[in-house]
1. Of the residues THR156, THR207, THR165, which single one is of a type in the set (Ser, Thr, Tyr) and surrounded by 16 or more Cβ atoms within 10 Å (Cβ to Cβ)?
2. Quick one: which residue in ASP266, ASP323 is outside any helix (DSSP H, G or I) and more than 16 Å from the chain's Cα centre (by Cα)?
3. Give just the number: which of (1) out of contact with any Phe, Trp or Tyr (no Cβ under 6 Å at 6 or more places or on another chain); (2) without any contact (Cβ under 8 Å) to a residue 40 or more places away in the chain does GLU249 not satisfy?
4. Identify the residue in the range 171-187 that is part of a loop (DSSP other than H, G, I, E, B) and touching a residue at least 12 places away in the same chain (Cβ under 8 Å) and, among all such residues, is surrounded by the fewest Cβ atoms within 10 Å (Cβ to Cβ).
5. Right, ARG149: basic (Lys, Arg) and either touching a His at 6+ places or on another chain (Cβ under 8 Å) or part of a strand (DSSP E or B) (or both) or not?
6. Looking at the range 224-243, is at least one residue surrounded by 22 or more Cβ atoms within 10 Å (Cβ to Cβ), small (Gly, Ala, Ser) and touching a residue at least 24 places away in the same chain (Cβ under 8 Å)?
7. Does ALA242 meet the test of being more than 21 Å from the chain's Cα centre (by Cα), more than 20 Å from ASP306 (Cα to Cα) and in the same structural domain as ALA319 (by TED's automatic domain parsing)?
8. Would you confirm whether or not the range 120-139 contains a residue that is in a loop (DSSP other than H, G, I, E, B), among the aliphatic types (A, V, I, L, M) and over 21 Å from the mean Cα position of the chain (by Cα)?
Amino acid sequence: MATLAQKRRLDTTLGAPVCVVLNALARLLGALSRRDHSLTTPPRRILVIKLVGLGSILHATLLLRALKERYPDATLSFLCFTQAAPLVPRLPDLDEVILLDDRSYWRLLRSVLGFVGRAWRHRPDLVLDLEVHSKFSTILSTLTCARDRAGYYLDTTRFRGGLYTQLVYYNRQRHVQEAYRQLGRAVGADPAVGQPLPPHLSPEEQTAAERFLDECGRGARKLLLVNVNAGELCWERRWDPANFAAVIEHFAAREEVLVVLIGSPDEAEYTETVRRLVSEELRTRVVNSAGKLSFGGFLALLQAADVLLTNDTGPLHLAAALDRPTVSLWGPGLPETYRPLIGDHRVVWKGVYCSPCLYWVDEPPCAGCNVCMMRMGWEEVAAEVEALLGVAFSGPTAGSAGPPPPDERGYLEGYVVRRSVGRQATEG
């Protein structure tokens, strides 16, 4: 399977010329057909495209609800990659979920051809593309030949000018739900802004989570879930493992708290490396649940939590949708754009010069030296967690020690280091 960086390069190298050709054709056909794009005729089929990003997909649930309420007789479909498959079918209001298999280029080509053929047979009247920069999603939207196609524009998406009939400026400094609301308004709906709608959970999945917690010996103890992972979109969102271990050890020493680490099967190994940083006498009191539950069981585990401590990544938004308190750690991302809007949520963010970089560049300028995350002391994070757990902060636990403060001598925030120069250019 291709990496995210490879997919981005392919999106640029192949997607750009295809969009140029489609733009010319769309402008010519538009001039000849003189179609009415006023949306006076209610759409019978609506397609929403959001290929990746569990958090963004969850934040879009209020838009989906508004579309369903505004056009109750329309079939509402959702197009995404297979990595979102565990979540999207659980969302309310959807009539159909269409998956693109991106596990290999051949599978992707085959599923794209299948999607286009399906779209021509059951042509949507309205397409909403929630991707901001993607040429691939733009091509997919255009190939549906839908009467109306709505999406976002920026200086990087001028190629959409002739391909979309409704374009809304994407303000990267406002919350993503506000962007979804503006796009909804452009097509006649008016989404709310607030807590995302929760995904569906079955009684069997809730029972599986309860059984797992019984095996962990939860009893009457408070449940602290810890997510030490972050997705491929930006590995620099991960807080230092030693800092995480210090916080985990701090709470593992308490009789009234059960600490459970969470993650996907692919994240189990990294999660275990963090657990092994906990002192040997307390390590057995920390449970690594990564990969041990189904996705539904994982959601039910989140629903049972008293607090989730997490990097800026998918589980944060899942917990918020399930109305669970969270402490989230932000560095490359900007809390104002994706943080939970309603509920008990604490944010830790240092706001160094080069933060946020996640939404403006493909690769962080620090090349992995994420001082925006390094500057967070484990004691301040532990204090935020204790405040939500409802216990008084008692200071560092004996034996706990996070990493020393980062030595930033010779590091210039935001400086993109050339391989031919190395770090010498930032010294002095």
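1. Values: THR156 fails: surrounded by 16 or more Cβ atoms within 10 Å (Cβ to Cβ); THR207 fails: surrounded by 16 or more Cβ atoms within 10 Å (Cβ to Cβ).
Checking each option against the conditions leaves just THR165.
2. Details: ASP266 fails: outside any helix (DSSP H, G or I).
The conditions single out ASP323.
3. Single failed check for GLU249: (2).
4. Applying the first criterion (part of a loop (DSSP other than H, G, I, E, B)) to the range 171-187 yields 171-175, 187.
Pick out the ones that are also touching a residue at least 12 places away in the same chain (Cβ under 8 Å) and you get 172-175, 187.
Numbers: ARG172: 14, GLN173: 9, ARG174: 13, HIS175: 18, VAL187: 22.
It comes out as GLN173.
5. Numbers: basic (Lys, Arg): yes; either touching a His at 6+ places or on another chain (Cβ under 8 Å) or part of a strand (DSSP E or B) (or both): yes.
Yes.
6. Yes, the range 224-243 contains at least one residue that is surrounded by 22 or more Cβ atoms within 10 Å (Cβ to Cβ), small (Gly, Ala, Ser) and touching a residue at least 24 places away in the same chain (Cβ under 8 Å).
7. Details: more than 21 Å from the chain's Cα centre (by Cα): yes; more than 20 Å from ASP306 (Cα to Cα): yes; in the same structural domain as ALA319 (by TED's automatic domain parsing): yes.
Taking the combined requirement at face value, the residue satisfies it.
8. Step one: filter the range 120-139 for residues in a loop (DSSP other than H, G, I, E, B), giving 122-125, 130-134.
Checking the rest, the ones that are also among the aliphatic types (A, V, I, L, M) come to 130, 132.
Filter once more, so that each one left must be over 21 Å from the mean Cα position of the chain (by Cα): none.
For the range 120-139, residues in a loop (DSSP other than H, G, I, E, B), among the aliphatic types (A, V, I, L, M) and over 21 Å from the mean Cα position of the chain (by Cα): absent.
The values are calculated or read from the model by the stated rules, or taken from the named source; none is laboratory data. As the structure is a prediction and not an experimental result, all values here were calculated from the model. FYI the Cβ positions are ideal-geometry reconstructions off the backbone, even for glycines, and counts take in every protein chain you see.
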